[in-house]
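Novice: Take this structure first; my questions come after.
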Amino acid sequence: MLSKTEYQRYSRHLNLPDFDVDSQLLLKKSRVLVVGAGGLSSPLLLYLAAAGVGTIGIIDNDQVDLTNLQRQVLYSTSDINFSKAEIAKKKLAALNPEINIKFYNEALTTANALSIINEYDIVADGTDNFPTRYLVNDACVLSNKANVYASIYRYEGQVSVFNAKMSDGSRSANYRDLYPIPPAPDKIPDCATGGVLGVLAGTVGTLQANEVIKILLNKDGVLKNRLLIYDAIEPSMRVIHYRKKQETNITTLIDYEHFCGHNRTKLKDMSAINEISVHELQSWKNEGKDFQLIDIREGHEYEFANIGGEHIPLGEILSSLDKVNYTKPKVVMCRSGQRSAAAINALQQAGCDNLFNLKGGILAWGKEIDPSIPQY
């Protein structure tokens with residue numbers, strides 16, 4: 001039953017046509033797992049909590065970063081460097097103390113996915129990488145759970161519902177029916193390189209929450225076998241239909257990093273990438289060592305803060321080999337050292353050697369060498 005406080009809290013739901021106390025009780029009895037606690041999951045979690053979904057699970061092993069706050073509205077500046085999952089639980093509990101919130105400060109993996117997902121009725125995928133998306137999909141198929149999917153990139157977002165239960169008891173198409181083959185890793189820029197409109201996360205995450213609630217309430221119109229595509233600039237929404245492929249056969253969880261080909265942009269043996277610390281780089285500069293510094297960040301990042309060097313954005317590195325000095329030692333840098341490692345791998349495959357990755361990137365330089373360099 002609903003308490004007196006719950007009657008008041010959800011009164012605007014109860015005033016809706018075709019929405020009664022039993023409908024609210026369906027939400028109260030429901031258990032939803034949200035994978036990822038970032039831009040999409042911020043509005044998703046807020047609306048699921050506000051709607052009265054009885055049990056919400058949050059799994060994310062990341063910490064809040066200043067660059068998150070442009071779109072991850074669940075967090076505040078004071079939350080920086082704290083666990084996203086833990087902070088999310090505190091914020092949602094403050095919003096609605098009538099519900100139960102469980103957080104997992106860990107990554108979803110092949111080792112824990114099935115055991116965690118089996119505790120919930122529905123999974124909502126708010127992740128931003130292909131290995132986890134395929135993992136979520138396969139675990140949902142094996143667990144017979146609906147997978148409410150959303151993604152955003154620059155000015156466009158997508159929403160769909162995979163593996164939903166059909167009227168005849170079968171399951172709708174899953175993520176592999178729509179995307180049977182993952183894209184090549186070098187064709188997938190992240191938010192740091194490709195960018196994303198902050199408000200887009202709010203719009204698409206809210207649409208995702210709407211699909212979750214429709215499923216929990218057994219409403220018609222769920223986006224199964226359909227993909228909604230939202231263009232924030234046009235603005236427009238269009239829906240495309242896709243079919244379930246009978247040959248799709250998921251029997252076990254696999255190595256998703258390998259399946260998505262991440263070994264093509266990450267060296268199997270990371271020790272093969274030589275690193276240099278910011279203090280060593282400073283010594284090279286002070287000694288007048290003859291080397292080339294290559295900054296592979298985007299143009300706006302370079303303009304905002306740089307320590308000189310040849311500016312070659314990561315996406316242009318292979319088309320700009322004429323700017324690379326093959327005879328000198330080369331130090332490759334980015335914001336934190338991750339994108340520069342990918343650039344070094346690409347350069348090595350192009351026959352370039354004597355490469356050094358700047359450990360910690362410009363962030364480490366600002367923290368340890370030159371405090372006037374702004375952190376971002």
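Please treat every number below as a calculation from the coordinates, not as lab data. The model shown is predicted, which means the values in this text are computed figures rather than measured ones. When we count neighbours, we look across all protein chains shown, and the Cβ atoms used for this are built from the backbone with ideal geometry, even at glycine.
Novice: Can you give me the distance in nm between label points at Leu69 and Asn144, each placed 7 Å from the Cα along the Cα-to-Cβ direction?
Specialist: That separation, rounded to one decimal, is 4.7 nm.
Novice: Where does each of Val35, Val196 land when they are ranked from fewest to most other beta-carbon atoms within 10 angstrom?
Specialist: Taking fewest neighbouring Cβ atoms as first place, the list is Val196, Val35.
Novice: Starting from the Cα of Lys214, draw a straight line to each of the lysines and keep only those under 19 Å, dropping any in the same chain fewer than 8 residues away.
Specialist: In chain and number order, the partners are Lys28, Lys29, Lys145, Lys165, Lys224.
Novice: Among Cys140, Cys260, Cys334, rank each residue by its count of other Cβ atoms within 10 Å, from fewest to most, as a rough exposure measure.
Specialist: If I rank by nearby Cβ atoms, fewest first, I get Cys260, Cys334, Cys140.
Novice: To make sure I understand the rule: partners must be aspartates and glutamates, Cα under 17 Å from the Cα of Lys285, and not fewer than 8 residues away in the same chain. Which ones qualify?
Specialist: Filter leaves Glu275, Asp295, Glu310, Glu368, Asp370.
Novice: State the Cα centre-to-centre distance between region 278-308 and region 80-143 in whole Å.
Specialist: A separation of 39 Å, based on Cα centres.
Novice: Using all C-alpha to C-alpha distances in region 22-141, build P(r) with 10 Å bins and read off the rounded percent in each one.
Specialist: Using 10 Å bins, I get a P(r) of 14, 48, 32, 6, 0 for region 22-141.
Novice: In what order do Thr67, Thr132, Thr55, Thr251 fall by count of nearby beta-carbon atoms within 10 Å, going from fewest to most?
Specialist: Arranged by neighbour count, lowest to highest, Thr67, Thr132, Thr55, Thr251 become Thr251, Thr67, Thr55, Thr132.
Novice: What is the log10 of I(q)/I(0) for region 270-368, computed with the Debye formula using one identical point scatterer on each Cα and no solvent, at q = 0.22 Å⁻¹?
Specialist: -1.18
Novice: Please compute the Cα-Cα pair-distance distribution of the chain with 20 Å bins starting at 0, giving whole percents from short to long.
Specialist: Result, from short to long distances: 26, 52, 20, 2 percent.
Novice: I've got another one for you. What ³J(HN,Hα) values, in whole Hz, does the Karplus curve 6.51 cos²θ - 1.76 cosθ + 1.60 give for region 357-362 when θ = phi - 60°, with x put for Gly and Pro?
Specialist: Result, ordered by residue: 8, 6, 5, x, x, 5 Hz.
Novice: Let a ≥ b ≥ c be the square roots of the eigenvalues of the Cα gyration tensor of region 48-116; is it rounded (a/c under 1.5), or, if not, prolate (a/b larger than b/c) or oblate?
Specialist: Here region 48-116 falls in the oblate category.
Novice: What FRET efficiency, computed as 1/(1 + (r/R0)^6) with R0 = 35 Å and r the Cβ-Cβ distance, is obtained for Lys214 and Thr110, rounded to the nearest 0.05?
Specialist: The formula returns an efficiency of 0.70 here.
Novice: Moving on. Determine, for each peptide in 296-302, 351-357, 327-333, 144-150, the mean count of other beta carbons within 10 angstrom over its residues, then list the peptides with the highest first.
Specialist: Peptide ranking by packing, descending: 144-150, 327-333, 296-302, 351-357.
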